[in-house]
Amino acid sequence: LLQPFNMAQRVTYRRRLSYNTKSNGRRIVKTPGGRLTILYTKKQASAPKCGDCHATLNGVRVVRPRKYASISKTQKKVNRAYGGSRCHKCVRTRIIRAFLIEEQKIVKRVLASKK
């Protein structure tokens, strides 16, 4: 009726760092041999953000900073002006603003020539 009570199996760190820091993240897994062991996890990457409105950029790969050096250019940007740097809404407002400023300059020039 009563089964023997087994204590939880202990696991030890596999590296020298023995503090519970952000870089020392880990999870416990059971090996095929039945032992519990530690797997070290990588830090979670944050998505690249728009420089103007700080929205996350779609179409740009979410990886840790050093990994951007090894992935291809098409994964780091989208095929648009300011692609990979600004979101589509901010690019649209920039284009419209530039157009309206140019129109304003033309209107000023026309009014100055009439006087």
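Annotations
- On Cα atoms only, tilt of 88-114 relative to the major axis of the chain in degrees: 10 degrees
- Relative contact order of region 24-115: 18 percent, from C-alpha pairs under 8 Å at least 6 residues apart in sequence.
- Solvent exposure of the chain as accessible area per residue, Å², 1.4 Å probe: 90 Å²
- Whether region 1-56 is rounded, prolate or oblate, judged on the alpha carbon gyration tensor where a/c under 1.5 counts as rounded: prolate
- Computed extension length for Ile71-Lys115: 9.9 nm, one decimal, from 0.36 nm per residue of separation with the Cα-Cα distance subtracted.
- Subset of Lys49/Lys108; Lys89/Lys115; Lys42/Lys76; Lys76/Lys105 violating a 29 Å alpha-carbon distance limit: Lys49/Lys108; Lys89/Lys115; Lys76/Lys105
- Fraction of accessible area attributable to carbon and sulfur, region 23-115 (%, probe 1.4 Å): 55 percent
- Computing FRET efficiency as 1/(1 + (r/R0)^6) for Arg10 and Thr41, where r is the C-beta to C-beta distance and R0 is 35 Å, gives about 0.95.
- Relative protection proxy for 28-41, 76-89, 1-14, from highest mean packing down: 76-89, 28-41, 1-14 (other beta-carbon atoms within 10 angstrom).
- Calculated P(r) over Cα pairs in 10 Å bins from 0, in percent (choose from [x] 11, 21, 17, 17, 13, 9, 6, 4, 2, 1, 0; [y] 13, 46, 32, 8, 1; [z] 12, 36, 34, 16, 2, 0), label: [x]
- Evaluated with a Cβ-only charge set (Lys, Arg +1; Asp, Glu -1), the chain carries a dipole of roughly 360 debye about its Cα centre, given to the nearest 20.
The values are calculated or read from the model by the stated rules, or taken from the named source; none is laboratory data. Source: prediction; values computed, not measured. A quick note on method: Cβ atoms are made from the backbone with ideal geometry, for glycine too, and the neighbour counts reach across all protein chains shown. Calculation scope for accessible area: heavy atoms of the full protein, side chains included, ligands and nucleic acids excluded. Shrake-Rupley method; radii C 1.70, N 1.55, O 1.52, S 1.80 Å.
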